Amino acid sequence: MHRHALVVPVVVALIGSTAASAAAQPAPNTVVLQPAPDIAGVIKGGTLPELVVRGLRSADDPLWLPEVGLVFSESQGNRVVRLGDDDQVSTFVGDLNGPLGMTFDRQGRLISLQTRAGVAGPRVIWPPGREAVIADRYEGKPFGRPNDVVSDRRGGVYFSDLGPRPTPPGALSPAVYYVPPGGMPIRVADDIARPNGLMLSRDEKILYVNDTGGIHVYAFDVGPDGRLANRRVLAAYIGRDRSVAAGEPPVSNADGLTIDDAGRLYALTEAGIEVVSSNGEHLGAIPVWCITRRCQNLTFGGPDKQTLYIAGGGTLLRIRMLARGFGGRVK
């Protein structure tokens, strides 16, 4: 059992939520819980996020597993942890290699992206006895820094690779890959500056990709072989990285993505959780902050999939929603 010894001030901001306040960064090691704006069908105005876990070395990519509950990556602890009914965390899978993004496929396998040099790539890490390497190289070259992953109903896996910054000579550049079931990785998109969060549409005909190095979420048509076509901008985010120098292109630091049963996308950016409809309409932003940094990834969970779990900076938050997560797959 992992106990949380770090004492962190919690400030409840009883003020109206705006895009500007959502993007404002609080003092270090402080959790600011701001009320959500009213977003029709998404969240009731005034709803506050709840601080669930703090003091971990890192926290990323929460996932609600059938008959298990919530698990998420503690990359710097080289493990995946499970949130118990008492809101304490324990090791679910240990001895990993900098795990980040996770997905759960239709074979009941938990797939985790490892990031340590030499072993970077998607691997099956659970259940015990079914561990396997899905991919660790593309055309003989090792992956740089795999970040997010989603599986499809065919049994294939999409994952993003941010790559190192700057990209060393001869190394793989940032890209999105697809690994068909039993096959070798295919580079399916290499025209996004820093591809990060991934999500499939409910019918799996569209793959959405966040660009951490820009301000857009992109949409691609998914072909019958898993390849992508017809890249277009779905929406522009409002979150902005204030450290970007004047005159430089704006950056949203868009990270993790999830989807609800109405097809709306939820993305973590410098503005918090930005909500976008399937036709690209920006619906609003829910302010959240994960102590030491912006939050990184999120998922719907709970028995009714109406609780949004948000992870980042060694912190786990949750917030009750009106919207319900998509029930057609785990992620």
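The values are calculated or read from the model by the stated rules, or taken from the named source; none is laboratory data. Every value quoted in this text rests on a predicted model; they were computed, and no experiment measured them. We place every Cβ from the backbone using ideal geometry, glycine too, and count neighbours over all the protein chains shown.
Worth a mention:
- Lone qualifier among A246, A236 - being free of Cβ contacts under 8 Å to residues at least 12 places away in the same chain and more than 16 Å from the chain's Cα centre (by Cα): A246
- Between I238, I192, I186, I215, the distinction of being of a type in the set (V, I, T) and more than 17 Å from A254 (Cα to Cα) belongs to I186 only.
- Residue check, V179 crowded, with 17+ Cβ neighbours inside 10 Å and at pLDDT 95 or above: yes
Okay, residues lined up against (1) among the aromatic types (F, W, Y); (2) within 23 Å of K205 (Cβ to Cβ); (3) touching a residue at least 40 places away in the same chain (Cβ under 8 Å):
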residue: S90; (1), (2), (3): no, no, yes
residue: F104; (1), (2), (3): yes, yes, yes
residue: T115; (1), (2), (3): no, no, yes
residue: I125; (1), (2), (3): no, no, yes
residue: R130; (1), (2), (3): no, no, no
residue: Y138; (1), (2), (3): yes, no, yes
residue: G144; (1), (2), (3): no, no, no
residue: V149; (1), (2), (3): no, yes, yes
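- Selection count, region 41-54, where residues are surrounded by fewer than 16 Cβ atoms within 10 Å (Cβ to Cβ) and either in contact (Cβ under 8 Å) with a residue 40 or more places away in the chain or of a type in the set (F, W, Y) (or both): 4
- Restricting the first member to region 190-206 and to residues that are among the small types (G, A, S), and the second to residues that are in a loop (DSSP other than H, G, I, E, B), the beta-carbon pairs closer than 6 Å and six or more apart or on different chains are A193/G213; A193/G214; G197/D255; G197/G256.
- When R324 is tested against (1) surrounded by fewer than 24 Cβ atoms within 10 Å (Cβ to Cβ); (2) at pLDDT below 95, exactly one condition is not met: (2).
- S151 vs. criteria hydroxyl-bearing (S, T, Y), within 19 Å of the chain's Cα centre (by Cα) and under 14 Å from F104 (Cα atoms): yes
- Single match in R106, R123, R153 (criterion: within 19 Å of G183 (Cα to Cα), in contact with a Ser or Thr (Cβ under 9 Å, 6 or more places away or on another chain), assigned to a loop (DSSP other than H, G, I, E, B) and not acidic (D, E)): R106
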